[in-house]
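*Asks:* Here it is, the structure in full.
The values are calculated or read from the model by the stated rules, or taken from the named source; none is laboratory data. What you see is a predicted model, and the numbers here were worked out from it, not measured in a lab. Cβ atoms come from the backbone with ideal geometry, glycine included; neighbour counts cover every protein chain shown. Quick note on the areas: whole protein, heavy atoms, side chains included, nothing else; ligands and nucleic acids left out. Shrake-Rupley method; radii C 1.70, N 1.55, O 1.52, S 1.80 Å.
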Amino acid sequence: MSMTLAEKKDSKSLLRRIQGELSKYFVTAKSNTFEETSEYLGTTSIADDKSNISYVLYAHYMNHSTKENPIIGVRGHYRGEDICLQVYIRLINPKHATMLEMFALCSFADDIGLCKDKNTSFFPELRSYVRNAAAHGINKKITGYKEFCIKKIDWDSVINQVKDIYLKEEAFEQYQECLKLMDMFDHFYEKLRCGNS
């Protein structure tokens, strides 16, 4: 399905507005020289809020990432445009973070084994629990690229509330996985995050 000229202009305008907002307010920013390492740490997708199309995003270390200052690159395509964003891991605050930032953090946590008892990837579960939270009225559903990149959520609070719902519903496996996510947040606060949580 090809886009009309007007749709392409609208798409480019949306991307410019989002990138402008990101560069003003958040730890993620457009990178004109997007240098990546070859290994992907994680993948996710974003649904286009105006069609039935989903776009894939990849997380990986940036070339200038270091152990002391890990930087995750998130790249992909959205409505025909390249998306090139950097996330500075030590600046993320899970009590006030976007889905993009949490995708980067979870990909990083998976790679370094931030939670020893975890054998599966954090982000798909996190995303699933946030959807369940929206279904229970705890938070609003995140839709589209703009909300994925800009909407800030208190992930500690959301996961804690979803954990309690799972316990009440006797969904013990999901309850245990929520505890592992909260454990990962605790390890992150203790070992990596700059400043106070």
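*Asks:* Of the residues that sit in the stretch 111-156 and are among the basic types (Lys, Arg), open to solvent by less than 60 Å² (accessible area, probe 1.4 Å) and modelled with pLDDT of 85 or more, which one is nearest to Ile89 (Cα to Cα)?
*Replies:* Looking at residues that are among the basic types (Lys, Arg), open to solvent by less than 60 Å² (accessible area, probe 1.4 Å) and modelled with pLDDT of 85 or more, I get Lys152.
*Asks:* Evaluate the following for Lys163: is it out of contact with any strand residue (DSSP E or B) (no Cβ under 6 Å at 6 or more places or on another chain) and in a helix (DSSP H, G or I)?
*Replies:* yes
*Asks:* How do the pairs read when you match residues in the stretch 61-78 that are within 18 Å of Thr43 (Cβ to Cβ) and basic (Lys, Arg) with residues anywhere that are modelled with pLDDT of 90 or more and not in a loop (DSSP other than H, G, I, E, B), using Cβ under 6 Å and keeping only pairs 6 or more apart or on different chains?
*Replies:* Arg75/Tyr58
Every residue, every condition in (1) under 18 Å from the mean Cα position of the chain (by Cα); (2) modelled with pLDDT under 90, yes or no:
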| site | (1), (2) |
| --- | --- |
| Thr4 | no, yes |
| Leu15 | yes, yes |
| Gly20 | no, yes |
| Tyr40 | yes, yes |
| Asp49 | yes, yes |
| Met62 | yes, no |
| Thr66 | no, no |
| Pro94 | yes, no |
| Glu101 | yes, no |
